[in-house]
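The structure appears below as structure tokens.
The values are calculated or read from the model by the stated rules, or taken from the named source; none is laboratory data. These numbers were taken from a predicted model, which means no experiment stands behind them. Using ideal geometry, Cβ is built from the backbone for each residue, glycine included, and neighbour counts are taken over all protein chains shown.
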């Protein structure tokens, strides 16, 4: 489930007379030209296979201009990590509340994430808390699922290291050495979605492919993974509208 590499920028005329910003990126993994919305920033991303020229890619984008404009109009607004913001945590909505205080502290109630300290540091503190929750949830689930595979004799490589990143085009990855990487924004997805991504990457400790045997392992580690895959396909990019946009 590659971290986005910076690309060059282009302007795409839209049917209304406005323009959309395109980030043009080449990918050795891409087999076809693709155009996708970037909830974490303005405009869209145009991904080109290595063999496709920039001109060909922009010509393709022109054919999708009406579609792109419709999607940009419907795009949910950004939600900065500010006082009063409502953010999802494992499928539950909680409100960020800034508390006056000399010292920085963060605690969660049933419906609130309360943070004391300077207001200037509030976005950073919210993100730090979310990353901490993501690490706790992910490490726990990795450990449980790896032990389950070890117990039944399927585990072929041990977990070496777990890394959290802010990736856009991959929710998780597993290296041949057993290094696991996850997007910390998964903590803002429904719980079954995070659980599926962890199961997916732990299953790669058994099968470094997407064969039938791999999916059989995934089925051992999580319940009914198909709804989670559909959620990530249809709504995963919405997770990038929370917090500070990445350049």
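Assessment of the stretch 167-175 against the conditions (at pLDDT 95 or above and over 24 Å from residue 230 (Cα atoms)) yields at least one matching residue. Which count do you get for residues in the stretch 134-182 that are under 28 Å from residue 234 (Cβ atoms) and assigned to a helix (DSSP H, G or I)? Residues that pass the stated criteria total 11. Beta carbons closer than 6 Å, at least 6 apart along the sequence or on distinct chains, pair a first residue in the stretch 223-234 that is under 15 Å from residue 186 (Cβ atoms) with a second that is assigned to a helix (DSSP H, G or I) for 225/196; 225/218; 228/192; 228/193; 228/196; 231/193. Taking the conditions (1) surrounded by 21 or more Cβ atoms within 10 Å (Cβ to Cβ); (2) out of contact with any strand residue (DSSP E or B) (no Cβ under 8 Å at 6 or more places or on another chain) in turn, residue 204 satisfies each one other than (2).
Of all the residues in the stretch 46-81, those that are closer than 18 Å to residue 27 by Cβ and modelled with pLDDT under 90 number 0.
Yes/no per residue for (1) outside any helix (DSSP H, G or I); (2) at pLDDT 95 or above; (3) out of contact with any strand residue (DSSP E or B) (no Cβ under 8 Å at 6 or more places or on another chain); (4) surrounded by fewer than 19 Cβ atoms within 10 Å (Cβ to Cβ):
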position: 113; (1), (2), (3), (4): yes, yes, no, no
position: 121; (1), (2), (3), (4): no, no, yes, yes
position: 126; (1), (2), (3), (4): no, yes, no, no
position: 132; (1), (2), (3), (4): no, yes, yes, yes
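Scan the stretch 186-196 and give yes if some residue there is in contact with a strand residue (DSSP E or B) (Cβ under 6 Å, 6 or more places away or on another chain) and part of a helix (DSSP H, G or I), otherwise no. Yes, the stretch 186-196 contains at least one residue that is in contact with a strand residue (DSSP E or B) (Cβ under 6 Å, 6 or more places away or on another chain) and part of a helix (DSSP H, G or I).
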